[in-house]
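To start, the structure under review is shown below, and the notes come after it.
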Amino acid sequence: MANRGAARALSRDDVGLMTSHALSHPAGIRLGLRENAAQFALLVLVNALVGAMAGMERSILPLIAEREFDLLARTSVLTFILVFGLTKAATNYVAGRLADRFGRKHVLVLGWLVAVPVPFMLMWAPTWNWILAANAFLGVSQGLTWSVTVIMKIDLAGRERRGLAMGLNEFAGYVAVAAAALATGWMAARYGLRPQPFYLGVVFVVLGLLLSTLAVRDTTAHVALESASDNADRQMVSPRDVFRRTTLGDRNLSAISQAGLVNNMNDGMAWGLLPFVFAAAHMTLEQIGVLAAVYPATWGVAQLATGALSDRIGRKWLIASGMWVQATGLVVFSTSAGFAGFTAAGILLGLGTAMVYPTLLAAVGDVAAPSWRSSAVGVYRLWRDLGYVAGALVAGLAADAFGFTGAIWLVAALTFLSGALVALRMSETLRRPIAMRP
């Protein structure tokens with residue numbers, strides 16, 4: 001009878017924990033970058049293809065808007081970033097819950113399927129509305145694929161090397177953004193703005209879909225193992241509670257979310273306005289392609305160092321100081337008029353973003369318990385990518401009202417203030433997991 005009573009006393013979580021031990025250890029499930037090197041490297045490659053899909057637009061789409069569709073108002077031109085940001089942000093929010101419910105791999109493959117029509121729509125769009133529709137598909141695809149590759153890498157890495165894992169993830173994504181921007185700029189200079197530069201997108205989609213379908217393995221078992229080995233909080237909490245804490249309720253998560261939003265606000269401004277700034281300074285299409293690549297290339301490469309650095313020195317001050325370096329880079333953009341000055345500004349903006357981007361994701365992983373981490377990542381990425389919407393609106397309206405220089409100065413001021421808010425509100429999160437309290 002005593003044994004029977006003890007069996008009844010086992011909770012569903014206890015049974016799940018025992019099951020995860022029984023299933024994961026014989027299958028060789030382990031946490032860590034070295035232990036999962038092959039699968040981690042594959043996900044890095046997949047995320048590079050995800051980044052390349054976004055990068056193929058970066059140097060030429062604003063010029064297509066102006067030269068092929070006669071959109072002169074900057075607010076109108078930047079509607080493609082607004083649509084992209086809205087759809088990507090909304091998809092980020094649900095991606096974590098979808099990954100928990102249906103598995104990481106299934107959501108990743110779905111994201112690539114959504115991307116299939118994008119390059120063809122960009123090649124042959126007869127009106128600007130077709131471009132907007134293509135960016136809606138692209139936003140959904142990016143929200144699913146990039147969110148899931150982030151979640152899967154956090155799953156594989158475990159607690160000790162989370163910053164390095166995020167640095168490698170964002171390195172791959174944004175070096176690919178830069179390479180694709182450089183390649184499409186080069187192709188546009190030689191063959192025209194459409195359709196040839198977007199042939200690359202077909203290659204990216206085919207490779208991403210094949211690798212995700214045939215080679216990527218799901219990482220749900222790694223989450224169960226981390227929960228078991230850390231004796232972590234395994235309580236599944238409601239989406240409302242996760243949203244509340246990540247947005248305002250938790251001081252650290254809310255500071256992280258606003259910094260992510262402002263970071264992508266200045267990235268959206270750079271994406272939408274800087275090609276016009278370069279063109280106004282009489283840069284050639286090839287030079288515009290190079291300048292459009294300098295910023296994400298610096299951002300991508302530097303993350304190899306900054307992600308790992310955050311594992312050693314902590315998250316808070318790397319984030320705050322990174323926002324201030326970004327603000328400095330924007331000021332340099334506003335005061336430059338030649339290739340050398342624009343290049344220096346792009347390096348500064350990229351370096352500051354590299355200090356911030358992987359560190360924010362690692363900090364979310366520090367704070368959120370494994371059982372609700374993917375949902376917290378989704379909420380954070382919702383707010384972060386709403387920054388593209390803010391960037392399109394703020395930069396477009398300010399550029400129409402005050403010119404390019406006034407728009408850049410405004411975004412620089414907001415970026416500086418965001419860093420100050422991190423310094424005042426956020427505490428150090430490294431090695432401080434916080435249990436979820438409903």
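We did not get these values from a lab; they are worked out from the coordinates using the rules stated. Predicted model only: the values in this text are computed from it and were never measured. Glycine gets a Cβ as well: all are built from the backbone with ideal geometry, and neighbour counts include every protein chain shown.
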**Report entry** Centroid-to-centroid separation of the range 27-62 and the range 132-201 [C-alpha atoms, Å]
**Finding:** 8 Å
Query raised in the report: So between Ser427 and Thr213, what do we pick up on full extension, going 0.36 nm a residue minus the alpha carbon distance?
Result: 73.0 nm
**Report entry** the chain: angle of helix 162-191 to the longest principal axis, Cα-based, in degrees nearest 10
**Finding:** 30 degrees
**Report entry** Protection proxy ranking of 117-126, 130-139, 55-64 - average other beta-carbon atoms within 10 Å, highest first
**Finding:** 55-64, 130-139, 117-126
**Report entry** Identified option (computed P(r) over Cα pairs in 20 Å bins from 0, in percent; candidates [x] 16, 30, 21, 14, 8, 5, 3, 1, 1, 0; [y] 28, 57, 14, 2, 0; [z] 26, 54, 20, 0)
**Finding:** [y]
Query raised in the report: Rounded, prolate or oblate: which fits the range 334-411 when a ≥ b ≥ c are the square roots of the eigenvalues of the alpha-carbon gyration tensor, with rounded for a/c under 1.5 and prolate only if a/b beats b/c?
Result: oblate
Query - Estimated FRET transfer efficiency (Asp241, Thr284; beta-carbon r; R0 45 Å; 0.05) - result: 0.25
Requested in this report: Give me the angle, in degrees from 0 to 90, between the Cα long axis of helix 199-214 and the longest principal axis of the Cα atoms of the chain, rounded to the nearest 10.
Outcome: 10 degrees
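Kindly put Lys153, Lys105, Lys88 in sequence by how many other C-beta atoms sit within 10 Å of each C-beta, fewest to most.
Least to most surrounded, the residues fall as Lys105, Lys153, Lys88.
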Report task. Based on other C-beta atoms within 10 Å, arrange Arg245, Arg312, Arg67 from fewest to most. Result -> Arg312, Arg67, Arg245
**Report entry** MRE, 222 nm, helices only [DSSP H, n ≥ 4, -39500 (n - 2.57), over the chain, to nearest 500]
**Finding:** -27500 deg cm²/dmol
Report summary line: To the nearest 0.05, the calculated FRET efficiency linking Thr335 and Phe120 through their beta-carbon distance, R0 being 41 Å, is 0.50
Requested in this report: Would you mind calculating the gained length between Ile313 and Phe402 on full extension (0.36 nm times residue separation, minus the Cα-Cα distance), in nm to one decimal?
Outcome: 28.0 nm
Query raised in the report: Which log10 I(q)/I(0) values, to two decimals, does the range 272-363 give at q = 0.13, 0.16, 0.17, 0.21 Å⁻¹ under the Debye formula with one point per Cα?
Result: -0.44, -0.62, -0.68, -0.90
Requested in this report: Rounded to the nearest 10 degrees, what's the angle between the helix 37-55 long axis and the longest principal axis of the chain, both from Cα atoms, 0 to 90?
Outcome: 30 degrees
Query raised in the report: Between Ala344 and Arg67, what is the label-to-label distance in nm when each label sits 7 Å out along the Cα-to-Cβ direction?
Result: 2.9 nm
Report summary line: When Tyr93, Tyr199 are arranged by how many other beta-carbons sit within 10 Å of their Cβ, fewest first, they go Tyr199, Tyr93
